[in-house]
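Undergrad: Quick one: this structure, given as structure tokens, is what I'll be asking you about.
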Amino acid sequence: MQSLDRKLLRDMTRLWSQSLAIALVLAVGVAIMVMMGGAERSLRETRDTFYERNRFGDIFATVTRAPMDVLGRVEAIPGVRLAEASVSKYVILDINGMAAPATGQLISVPSAGVPKMNVPTLSRGQWPASGQTGQVVVNESFATAHGFGIGDQFHGIINGQRRALTIVGTALSPEFIYTIGPGSIMPDDRRFGVIWMEGTALSAVYNLTGAFNTLTVGLGRDANRDEVIRQIDLILSPYGGTGAYFRKDQISNAFLQGELDQLSTMVKVVPPIFLIISAFLVNMVLGRLIALEREQIGLLKALGYYKGEIGWHYVKLAIAIGALGVAIGWGFGLWGGRGMAELYAQFFHFPYLVYVPYPSVYAISALAGLAAAALGAVTAVRKAVALSPAVAMAPPAPARYQSGVADRMIHFMKMRQTSVMIWRSLTRWPIRAALTMLGIATSAAVMVAALFMFDAMDELLDKSFVQLNRQDVVISFAGDRPRSVIEDVGHLPGVMVAEGVWSMPVRLKHGQFSRRTSLEARDPGSELTHLLTEEGDQVTPEGGIVLTRRLARQLDLDLGEQVTVLFPALGGTSAQVPVVGYAAQSFGMGAYVTPETLSQLAGQAPRVSLTNASIDQDKSEALFAAVKATPAVAGLVEMAAIRKSFNDTIAQNAGMMTTINSLMAALIAIGVVYNAARIQLSERARELASLRILGFSRGEVSYILLGELAVLTIVAIPVGLLMGQGLAAAMVTGFDSDLYAIPLAITRATYVRAAWVVGLASALSAAVVWRRIGQMDLVAVMKTRE
Amino acid sequence: MAHEMTNSTPSGLVETPPARVFHTEDITKIYRTGAVEVQALRGVNVELIAGEFTVLLGASGSGKSTLLNILGGLDHASGGRAWFRDQELTVMSDRGLTRYRRDHVGFVFQFYNLVPSLTARENVALVTEIASEPMPPEEALERVGLGHRMDHFPAEMSGGEQQRVAIARAIAKRPEVLLCDEPTGALDSKTGVQVLEALEKINAELGTSTIVITHNAGIQAMAHRVIRFADGNIADVTVNDTRIAPSEIEW
């Protein structure tokens, strides 16, 4: 081994605690890259493989009823590689031991063999035998949630008839990786199941023999996507087509994509923070080491070592610290990555989801980690090697202090000399003080940004379930009903208030922008649902349309501007409506008009697509029983159940996440404060020892050293909380998707908690250094030549 | 035990004029620290002979260290020219000077300047690893009488021992010149003598041109040539007809 490398190794052993503190901060950055980067890629590649192998559709469309020969016309569109027609219906399920009705989505499968597209992968059992109308395959998570095995039975209210359904197999489908029921926002495998049954039987029940109501299209590589969808709409329009949509708007895919986008946002935002902090720490520690070894550098130069050789020596030290951080980060990343894969398996149902440690993810994270360390070193080293050997070997001139305007204030304030020393030190190295302060502040910011998610979820729940939606249940029908159905629902047992909602699938257009959504018409003066602005004021779509703020932004619409409303289900009828207001909404991107407006636009009398109801909870069982016996009802959603599953999911992850995030934030604070204190101690050891000899107590001496850090921490906390708010805002923007928006809500408790963690971590680091001051060998310190 | 030495150069057998190892033309050096300007050298002209043991004497601030730094390629002159043999030092780049130091010069400093985290052997190896035809670190340490202390860290050695490690480190590359800035400045007389004996031995055995800065006037008696500095210039040069051994120096 070269002598210089031996020196390096010994330097590193001497600096082990500081090196470790830096390595840990770096490790967090690397771990997150490995963990989230790996999870993102695992998830994405598993999805792509699953989609590819099981031929997931590129375009989806629903119609009321189209004859089978329409399929041939769709297949003939240039660019269409594959098309499959099927029957799909929502039904109420009656499951033993479950009072509340569940919702099932019936999907037809060919009588012989498996579907051509959206092919479910059988995990157990087999496909229904030909002619066996009561045999079904259900999605695996539904079976698991109910403890169903092969041969178990449940009942479905299929077109008004209660039928026994026998499970002959379980399956996983690319269409339902994220299995979410209609009108729901969270997966609830007890209340929603996918049921595949033989097509002939299903078609017969719904009077769809020789016809279909669902279309899936696979595109060729060179297909003109927009043209294909335009032609499909044209073909389906006479049959009640509601407008075909691309894969990106398919609900399961959209949720999965949202998760992937979140992950890649996190990978882009979080690791750089940790890497930058560690670069700064490396710079700080190496800068100090180089200052201490100034003469040794001069000597090496005198001995004939080139600048590059000396520089590389110090850069290697940084790289060694970086390598340590990378190794620790890899370890945690691998461990955490497995954990994430398990977490994802709860929400995303793949037949296989393996967390693969991709070499490239590891390589990139290592490269980033080492580069951060080296970057921190380079600036510190460059200055040192530039000194001429004669200058480097002479002891450095005493640091020059100056008295400025502020110093006159000091005299005026009659500060103690020890406080003056703190003040001078801060003003002598303002950049270093500022950077240290920023480092501590970042720790607070990371903490706020991590904790705010829980505040945001609370806010989201409050908005969605208290302020905007107060109904207890949502009852949906198989197809729109006349308005008299509201009264019918009102007569169901336990229903106290019933309100109707009429909705129609539409395409909104403004200039070059266009979006698919559903246009909702609620009765004026609704008690159960409210449209509120972001400020919390009531907004009514009187004389126009009210849009979700995000939708308006996507369509580049301002108040008063006209938006074109297209009704694909009505043969492409279109009309212009002015935007009269924005609504705050966390889920989906809704558009709202009054029933009169919709009636005018659609050219038909107002109808009802679903009803909201408040119920007497004591009579819920009677209501559920009645609903199960009512043929027209296609689904019932309990808001309380949604809220509960939402809460459960958050609670499940909250404890673990808070601990991990606090640890991450604390690591930054410890890394920064500990290193800053150690460097201060090293730089000022003689000064402090002199004071001790002059009769200052350990406490008074510590005050000079730690007082400075205390000042920096106290300044850093509010700055950090503010930075945290900015970071949270950036995350909110980054996480924004078509499906949901996370509100920027940060409670005082979050700020207090962040301040606490940072304050505590700083105090802990200070305590370690305080012990060192106590152990300082005064005589030895005074003897050293520096 | 005194022994007399005649003042013949090691190349004395040759009749041609003695070879110059260094010579300068009007070397000046001005230091600027803030508003203060110090003229350290005021047009120095000097010739140093290859193989000689030269002593530079003078009060502190007289310019002797500055000259040594320039000759050793540690510092740039403000004006004038300086040569090592026929290579002009004053036109060399930083990289050229590094190359020159690496290949030709050994340094010994007043405060030893050992790397504290390396043992005696490793401190010497620091140089032998980058030199073209070095002697083994062990041999260099044997030459200064430290064969038994090779694996000790600087903190475990006395000042005299540390300085001898520094000498071993300087000679291990077999330099043509050995430049010593106050090598005994921090030592007591007994260890100082040991260090001087080591230097004298190297000069005699290896023929290394040696320049020693000192403000201890007694040391001049062991030199071939003594150059006195005063006020940034050479006051006078004397050539000793007879030299005495380091052990006889009056400290």
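Undergrad: Of the residues A:767, A:754, A:716, A:730, only one is free of Cβ contacts under 8 Å to residues at least 24 places away in the same chain and assigned to a helix (DSSP H, G or I); which?
TA: Of A:767, A:754, A:716, A:730, the one residue that is free of Cβ contacts under 8 Å to residues at least 24 places away in the same chain and assigned to a helix (DSSP H, G or I) is A:767.
Undergrad: Let me ask another. Which one is surrounded by the fewest Cβ atoms within 10 Å (Cβ to Cβ), of the residues in segment A:683-701 that are among the small types (Gly, Ala, Ser) and in a loop (DSSP other than H, G, I, E, B)? So that I can check it myself, show each step before the final result.
TA: Let us first name the residues in segment A:683-701 that are among the small types (Gly, Ala, Ser), namely A:685, A:689-690, A:695, A:697, A:699.
Applying the additional criterion that residues be in a loop (DSSP other than H, G, I, E, B) yields A:695, A:697.
On the way: A:695: 7, A:697: 10.
Among those residues, the one meeting the criterion is A:695.
Undergrad: Let me ask another. Can you pull out the residues in segment A:544-564 that are among the hydroxyl-bearing types (Ser, Thr, Tyr) and closer than 15 Å to residue A:575 by Cα?
TA: The answer is A:564, and nothing else.
Undergrad: Could you count how many residues in segment B:152-192 are free of Cβ contacts under 8 Å to residues at least 60 places away in the same chain and farther than 16 Å from residue B:109 by Cα?
TA: Number satisfying all stated conditions: 7.
Undergrad: Here's a follow-up. Take the residues in segment A:542-553 that are in a helix (DSSP H, G or I) and free of Cβ contacts under 8 Å to residues at least 60 places away in the same chain; name whichever of them is most open to solvent (accessible area, probe 1.4 Å).
TA: Of the residues in segment A:542-553, the ones in a helix (DSSP H, G or I) are A:549-553.
Those still in the list that are free of Cβ contacts under 8 Å to residues at least 60 places away in the same chain too: A:549, A:551-553.
Numbers: A:549: 82, A:551: 1, A:552: 2, A:553: 156 Å².
Applying the filter and picking the extreme gives A:553.
Undergrad: On the given criteria, is residue A:145 open to solvent by 10 Å² or more (accessible area, probe 1.4 Å) and over 37 Å from the mean Cα position of the chain (by Cα)?
TA: When the stated conditions are applied, residue A:145 does not pass them.
Undergrad: The conditions are (1) within 14 Å of chain B (Cβ to nearest Cβ); (2) surrounded by fewer than 24 Cβ atoms within 10 Å (Cβ to Cβ); (3) of a type outside the set (Ser, Thr, Tyr); (4) in contact with a Gly (Cβ under 9 Å, 6 or more places away or on another chain), and residue A:272 fails exactly one of them. Which is it?
TA: With respect to (1) within 14 Å of chain B (Cβ to nearest Cβ); (2) surrounded by fewer than 24 Cβ atoms within 10 Å (Cβ to Cβ); (3) of a type outside the set (Ser, Thr, Tyr); (4) in contact with a Gly (Cβ under 9 Å, 6 or more places away or on another chain), residue A:272 is out only on (1).
Undergrad: Right, here's the next one. Spot the failing condition for residue A:179; the list is (1) within 24 Å of residue A:518 (Cβ to Cβ); (2) open to solvent by 10 Å² or more (accessible area, probe 1.4 Å); (3) assigned to a loop (DSSP other than H, G, I, E, B), and only one is missed.
TA: (2)
Undergrad: Moving on. Check whether at least one residue in segment A:325-336 is farther than 30 Å from residue A:178 by Cβ and outside any helix (DSSP H, G or I), and report yes or no.
TA: No, segment A:325-336 contains no residue that is farther than 30 Å from residue A:178 by Cβ and outside any helix (DSSP H, G or I).
Undergrad: Mind checking which pairs have a first residue in segment B:81-95 that is free of Cβ contacts under 8 Å to residues at least 12 places away in the same chain and a second that is open to solvent by 80 Å² or more (accessible area, probe 1.4 Å), Cβ under 7 Å, 6 or more apart or different chains?
TA: Correct list of pairs: B:88/B:81.
Undergrad: Please find, among A:571, A:588, the residue that is open to solvent by less than 30 Å² (accessible area, probe 1.4 Å) and not hydrophobic (A, V, I, L, M, F, W, C).
TA: Of A:571, A:588, the one residue that is open to solvent by less than 30 Å² (accessible area, probe 1.4 Å) and not hydrophobic (A, V, I, L, M, F, W, C) is A:588.
Undergrad: Here's something else I'd like to know. Somewhere in segment A:314-325, is a residue open to solvent by less than 20 Å² (accessible area, probe 1.4 Å) and either in the same structural domain as residue A:663 (by TED's automatic domain parsing) or closer than 26 Å to residue A:686 by Cα (or both)?
TA: Yes - at least one qualifying residue is present in segment A:314-325.
Undergrad: Sort out which residues of segment B:46-73 are within 14 Å of another protein chain (Cβ to nearest Cβ) and either in contact with a Lys or Arg (Cβ under 9 Å, 6 or more places away or on another chain) or outside any loop (DSSP other than H, G, I, E, B) (or both), and write them in order of number.
TA: B:63, B:64, B:65, B:66, B:67, B:68, B:69, B:70, B:71, B:72, B:73
Undergrad: Next question. Which one of A:641, A:629, A:634 is in contact (Cβ under 8 Å) with a residue 24 or more places away in the chain, open to solvent by 40 Å² or more (accessible area, probe 1.4 Å) and under 30 Å from residue A:160 (Cβ atoms)?
TA: A:629
Undergrad: For segment A:690-747, which residues satisfy the criterion of being among the hydroxyl-bearing types (Ser, Thr, Tyr), modelled with pLDDT under 90 and in contact with a helix residue (DSSP H, G or I) (Cβ under 8 Å, 6 or more places away or on another chain)? Give the steps one after another, and end with the answer.
TA: Kept after step one, since they are among the hydroxyl-bearing types (Ser, Thr, Tyr), are these residues of segment A:690-747: A:690, A:697, A:702-703, A:713, A:733, A:737, A:740, A:747.
Within this subset, residues satisfying the condition of being modelled with pLDDT under 90 are A:690, A:697, A:702-703, A:733, A:737, A:740.
Result: A:690, A:702, A:703, A:737, A:740.
Undergrad: Here is a list: A:525, A:560, A:581. Which entry is touching a Pro at 6+ places or on another chain (Cβ under 9 Å), without any contact (Cβ under 8 Å) to a residue 24 or more places away in the chain and either outside any helix (DSSP H, G or I) or of a type outside the set (Ser, Thr, Tyr) (or both)? Talk me through it step by step, then tell me what you get.
TA: Details: A:525 fails: touching a Pro at 6+ places or on another chain (Cβ under 9 Å); A:581 fails: without any contact (Cβ under 8 Å) to a residue 24 or more places away in the chain.
Selected residue: A:560, the only one of A:525, A:560, A:581 that is touching a Pro at 6+ places or on another chain (Cβ under 9 Å), without any contact (Cβ under 8 Å) to a residue 24 or more places away in the chain and either outside any helix (DSSP H, G or I) or of a type outside the set (Ser, Thr, Tyr) (or both).
Undergrad: Residues that are within 14 Å of chain B (Cβ to nearest Cβ): list the helices (runs of 4 or more DSSP H) wholly contained in segment A:1-117 that include at least 3 such residues.
TA: Because the criterion is at least 3 residues that are within 14 Å of chain B (Cβ to nearest Cβ), the helices (runs of 4 or more DSSP H) in segment A:1-117 that meet it are A:3-14.
Undergrad: Moving on to the next point. Restricting to segment A:720-743, what's the tally of residues that are of a type in the set (A, V, I, L, M) and open to solvent by 50 Å² or more (accessible area, probe 1.4 Å)?
TA: So the first thing to find is which residues in segment A:720-743 are of a type in the set (A, V, I, L, M), and the list is A:721-723, A:727-732, A:739, A:741-742.
Then drop every residue that is not open to solvent by 50 Å² or more (accessible area, probe 1.4 Å), which leaves A:722-723, A:730.
The qualifying residues number 3.
Undergrad: Answer yes or no: is there a residue in segment B:74-89 that is of a type in the set (Lys, Arg), assigned to a strand (DSSP E or B) and in contact with a helix residue (DSSP H, G or I) (Cβ under 8 Å, 6 or more places away or on another chain).
TA: From segment B:74-89, those of a type in the set (Lys, Arg) are B:81, B:85; that's our starting set.
Filter again for assigned to a strand (DSSP E or B), leaving B:81.
Those left that are additionally in contact with a helix residue (DSSP H, G or I) (Cβ under 8 Å, 6 or more places away or on another chain): B:81.
Yes - at least one qualifying residue is present in segment B:74-89.
Undergrad: Now, a different point. Can you give me the ranges of the helices (runs of 4 or more DSSP H) entirely in segment B:92-190 with at least 2 residues that are within 13 Å of another protein chain (Cβ to nearest Cβ) and charged (D, E, K, R)?
TA: Values: elements: B:94-104, B:120-128, B:137-143, B:159-171.
Counting at least 2 such residues, we get B:94-104, B:120-128.
The values are calculated or read from the model by the stated rules, or taken from the named source; none is laboratory data. What you see is a predicted model, and the numbers here were worked out from it, not measured in a lab. Cβ sites come from the backbone with ideal geometry, for glycine too, and all protein chains shown count toward neighbours. SASA here: full protein model, heavy atoms, side chains in, ligands and nucleic acids out. Shrake-Rupley method; radii C 1.70, N 1.55, O 1.52, S 1.80 Å.
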